[in-house]
Each structure stands twice: as structure tokens, then as C-alpha cells.
Amino acid sequence: MIQKPKGTYDLLPEDTNKWQAMEKTIRNVSKIYNYKEIRTPIFEKTELFHRGVGESTDIVSKETYDFIDRGNRSNTLRPEGTAPVVRSYIENKIYADKFPVTKLYYMGSMFRYERPQKGRYRQFAQFGAEAFGSTSPLLDAEIISYAVSVLKALKIKDVKVHLNSIGDAESKEAYKLALVDYLKDDLDSLCHDCNTRFKTNPMRILDCKIDSKSDFLQNAPKPLEYLNEASKNHFADVIKFLDAMDIAYVIDESLVRGLDYYTHTVFEVKANLETLGAQNTICGGGRYNTLVSSLGGPDIPGVGFAFGLERLMFALDSINFKGDPSYLHLYLMVLGEKQKEDGIAILNRCRLGGLFSDIDYMDKNMKGQFKLAGNFNARFVAIYGEAEKADGTINIKDQDNGTEVTISKEQLYNHIVQELMKPSHSCEGCSEDSCDTCDEEEEN
Ligand code: HAM
């Protein structure tokens, strides 16, 4: 038997239900913040990630899925969404649009060749957002508030925003020099990977899983100490705006993030939940003021974040999130070979009208079909057998209250929609079993 590739998973129907509910909430919050969806290809030219994310990052140096296509081009399955969105922003000249600030969001699969464990996969999904066009700290604060609002809307608690600033290019450079100067005296105490990072990307040493807890690294210089005046002011304003919105955060001086493009604000959201296990960073992001220009675009700043959607799902497990219940409006029970032609026509009429409906394909008896209708959580069971065919009727049973009615078979659809499913709530004209507006009205 062929099994799925290592580090991947199948999302089975009972869970897709939960995902769809999660995605619906995410899209709704995105609308509230006025972000529009963008969809970019799942693979890009390899060069994009080398230049965008950075040669010496773990993602590019160890984790990309690269392939040469039949035209001898080197492509890479996207390991993250920011570089592709920036590429698209430049290529489609979105910056020349009528809006000075462009606010985009995306959801989709990303690919990293990592060591799989709970919450860490080789194919995983992200929901990310990117805002281009302004250096205003208002936008940094907005992007953090957007991430927090998604968690609020999903009712996920026990989360903490970790916040830091690595400053502008000048501050980053000053910091790197100070860090290298500090580290060079005791390289032997660092792990093998950190010795490599020392040469290629010293800032990454700060969040090394092995070394970061050591006294040597705990006492290392921190980026905040090397911010120049402009960077200090920017960070102070971000904090001021977060405070104004009552958004809680902790300053995490060791937070540097694993991608090269960040400048100024960096942040992560960590959830302290048993359902997540060790991979408890559910969101990461920050500002990137030079990425657009370094990928060949104009000098335009950006800021964004990305959530790991599997991790968000695990967080939702902690509140027993179920998603929308699965149900049918109608289960049509056709009894006997001769009734099938009429049966499929009746079913088709109901489906064209929008009723969630199904039928038996296995010539099951009545008992078996009632059982199936129950498994499908069907609200109405309509029975069409020999007797009904003879007098042109159909019998409908309401599974909620046990009432039964026999009507003309042509009337089935209209009777269900106009008589039986009439909303008991006040939302005018609503025939939905589950309607957000009505639910809200009922709650209030
Ligand atoms: P990142 O920190 O690499 O940032 O990934 C963001 C989130 O994706 C992580 O916090 C985590 O929840 C999830 N994630 C990452 N790798 C995996 C994996 N192997 N399995 C499951 N989940 C994973 C970025 O990707 C940046 N592009 C975020 C960003 C957008 N910064 C600015 N704009």
C-alpha cells in the first residue's frame, strides 16, 4: 500500500468541517480590517526565496523543496507566503493602484523539509497578511491587532504576544557587530549549528533551541540596546498604539525571527495550551522595509504576519471547537426499482432548489435507509414507494418532532421550503437552519 509522504497528513471530512468554520472566521476578520485576498502560485522560481528569505536562513539553506522542471528551470515549492506576495505586488504593479496602502491576505499550503512532529509538517497551511506602502507604526500596531482579533474571534485564550524590535538596517548592523564581538570569545560553548550561524547569520543564534537558554546567550547583547534614534521612536510608537488598543504583549528581547527580511518590529504569538505540544508559536510576523526594493520593486515598506493553521486547529481543540454540524435537509427514501426514475427526478428538483439532499444507491430496505438518514442527520425523510407512485403522493417525516404529512409528489420541494422549514426566528426571509444573523439576534 502506498502511504502519504512523511510530514504530510490527510484532512478527513470531519476535520474539514472545522477548517471551513475556522477559515470563515478568518475571512470575516480580514474583511473587518479591510484586507483583500490574494492567491499566488504554489511554486515560484527558486531565486525568489534565495533573494527574499535569505541564503543563510534555515528555511532556504536546509528546508526548501526544489525541483528542475522539464524546461530545465529551477523551481521551489513555496516555504512561506511573504516573498511570493511581494513578487506579485511588484510584478502586477499593485503599488500603482488607487490605494496608497495595499492590504492583502492569503491562505494556502507551504512546504518545508523539516523534522516532522506534532504541529510541524512538511506540507502545512498558513493564513498570512501583508500590508504595503506605509512606514507608519500605526500599521505595525494594526497588523498585531488583526492577528489578536483573529484569535479573539476564534475564542482562543491563553495566548501571549511576544514583541521586539531589531531596528532599521543601520541598527541591525550595529547590533550584529556587537553580537559577533561578544560571541567570538566563547564559540566552543555553542552548538555545531550556531558555529555555522556565527559565520552566516549570527542573529539566528539568539533563538537556537539548544543554546538560547545558556547563561552565555542569556547575557548576550540584545537588539533593543542598539536601536538608533529613529528605530527607538518607531518602536515606542508601536507600543503606544498597542497600549491605546489595550492589546497585551510582552517585550521579548531575544526575539529575532528566522527570516532575513525583517526590520524594526518583530513579533510572535505563543499559545500556552496542552493541545499544542512543543510547537506553540501559532503566529509570527514583523515589518520588512527593504524586501520590496531588494526584489526589484520600488522603495516600499511592508509589514505582515502568518499563522500556522494546523497549530491554530490544535489551539481550537483546547476549547472543543466543533465547527458547523453536518446535516441534510432531506433524505429521499425510494422503495422499489420502478420508483427510481421518479425518485431521481424529485431529488434533482430539490437539489436544484438548494436543499442538501441524498438518496440510497444500495437498494437498502426501509430500516437500513432510516439508519442512514439518521447517520446523515437528515431533518426530513421523504418516502416514495409503490403506493405513493400509484396515487402521485409522497410522505414526509420530520425527524425533529416525528410529525408526518402526505402531499402531492410535485409539491415536495415547495412544501419543505415554504411550510416545514419556515424560520422560527425573526430574520426576514431566512430559510437557513443555521444563520449567523439569526443566531446573533437570538443571543442578544
Ligand atoms: P514563520 O515564522 O516562518 O513566518 O511561519 C509562520 C507560522 O507558520 C509559524 O509561527 C508556525 O505557526 C507556522 N509554521 C511554520 N513552519 C511550520 C511547519 N513546518 N509546520 C507547521 N506550521 C509551521 C513566515 O512564514 C513569515 N512569512 C511570516 C510573515 C508574514 N512575516 C511577515 N509577513
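The values are calculated or read from the model by the stated rules, or taken from the named source; none is laboratory data. From a predicted model like this one, the values you see are computed outputs, not experimental measurements. Cβ sites come from the backbone with ideal geometry, for glycine too, and all protein chains shown count toward neighbours. Ligands, DNA and RNA are excluded from the accessible area calculation, which covers all protein heavy atoms including side chains. Shrake-Rupley method; radii C 1.70, N 1.55, O 1.52, S 1.80 Å.
Write out the trypsin sites (Lys or Arg not before Pro) in segment 51-135 meeting two conditions: DSSP loop, and at most 16 other Cβ atoms within 10 Å of their Cβ.
Numbers: sites: Arg51, Lys62, Arg70, Arg73, Arg87, Lys93, Lys98, Lys103, Arg112, Lys118, Arg120, Arg122; in loops: Arg70, Arg73, Lys93, Lys98, Arg112, Lys118, Arg122.
For trypsin sites (Lys or Arg not before Pro) across segment 51-135 that sit outside H, G, I, E and B with at most 16 neighbouring Cβ atoms in 10 Å, the list reads Arg70, Arg73, Lys93, Lys98, Lys118.
With a ≥ b ≥ c the root eigenvalues of the C-alpha gyration tensor of segment 294-348, is it rounded (a/c under 1.5), prolate (a/b larger than b/c) or oblate? Oblate is the answer for segment 294-348, as a/c is 1.5 or above yet b/c matches or exceeds a/b. Please state the shape class of segment 98-253: rounded when a/c is under 1.5, otherwise prolate if a/b exceeds b/c and oblate if not, all from the C-alpha gyration tensor. It comes out oblate by the Cα gyration axes.
Using R₀ = 41 Å, calculate the FRET efficiency as 1/(1 + (r/R₀)^6) where r is the Cβ-Cβ separation of Arg73 and Lys340; round to 0.05. Given R0 = 41 Å and the Cβ-Cβ separation, E is 0.15.
Accessible area per residue of the chain at 1.4 Å probe, in Å²? Provide the component values of the computation, followed by the final result.
Working: 23140 Å² over 444 residues.
For the chain, the per-residue accessible area is 52 Å².
Is segment 1-121 rounded, prolate or oblate when judged by the Cα gyration tensor, a ≥ b ≥ c being the square roots of its eigenvalues, rounded requiring a/c under 1.5 and prolate requiring a/b larger than b/c? Note, shape of segment 1-121 comes out oblate. When peptides 214-227, 291-304 are sorted by average Cβ neighbour count within 10 Å, with the highest value leading, the order is 291-304, 214-227.
Pop out the carbon and sulfur fraction of the accessible area of the chain as a percent, whole number, probe 1.4 Å. Summing carbon and sulfur atoms, their accessible area is 50 percent of the total for the chain. Annotation: Met366 carries an accessible surface of approximately 90 Å², with a 1.4 Å probe and no ligand, DNA or RNA atoms counted. Between Ala387 and Thr281, what is the FRET efficiency for a Förster distance of 45 Å, r being their Cβ-Cβ separation, to the nearest 0.05? E(calc), rounded to 0.05, equals 0.10. Reducing segment 171-206 and segment 1-30 to their Cα centroids gives an inter-centroid distance of 39 Å.
Sort Lys160, Lys155 by heavy-atom solvent-accessible area, probe 1.4 angstrom, most to least.
Heavy-atom accessible area, descending, gives Lys155, Lys160.
Grab the Cα-Cα distance for Asp324 and Val180, subtract it from 0.36 nm times how many residues apart they are, and report the gain in nm with one decimal.
Values: separation 144, 0.36 × 144 = 51.84 nm, distance 5.30 nm.
The span from Asp324 to Val180 would gain 46.5 nm if fully extended.
Label-to-label distance, Met245 versus Asp317, with points set 7 angstrom from Cα along the beta-carbon direction: 3.0 nm.
Assuming R0 = 25 Å, what is the FRET efficiency of Glu114 and Ser294, from their Cβ-Cβ distance, to the nearest 0.05?
Numbers: r = 25 Å, r/R0 = 1.01.
Computed FRET efficiency for Glu114 and Ser294: 0.50.
How much length is gained on full extension from Glu14 to Asp193, taking 0.36 nm per residue of separation minus their Cα-Cα distance? Walk me through the numbers before you get to the answer.
Values: separation 179, 0.36 × 179 = 64.44 nm, distance 4.10 nm.
Stretched out fully, the Glu14 to Asp193 stretch lengthens by 60.3 nm.
Taking only DSSP H segments of four or more residues, each worth -39500 (n - 2.57), what value at 222 nm results for the chain once the sum is divided by all its residues, to the nearest 500 deg cm²/dmol?
-10000 deg cm²/dmol
Taking a Cβ cut-off of under 15 Å around Asp237, the surrounding Lys, Arg, Asp and Glu residues balance to a net charge of -2, with basic ones at +1 and acidic ones at -1.
Taking the Cα centre of segment 84-145 as origin, sum charge times position over the Cβ atoms of Lys and Arg (+1) and Asp and Glu (-1), and report the length of that vector in debye to the nearest 20.
Numbers: 9 positive and 6 negative charges, 83 e Å.
Roughly 400 debye for segment 84-145.
With each label modelled as a point 7 angstrom along the Cα→C-beta vector, the Lys213-Ile407 pair spans 6.7 nm.
Just to confirm the filter: which chymotrypsin sites (Phe, Trp or Tyr not before Pro) across segment 282-346 are DSSP coil and have at most 14 other Cβ within 10 angstrom of their Cβ?
Numbers: sites: Tyr288, Phe305, Phe307, Phe314, Phe321, Tyr327, Tyr331; in loops: Phe321, Tyr327.
Hits after loop and neighbour filter: Tyr327.
When only alpha carbons of the chain are considered, Rg and Dmax amount to 27.9, 95 Å.
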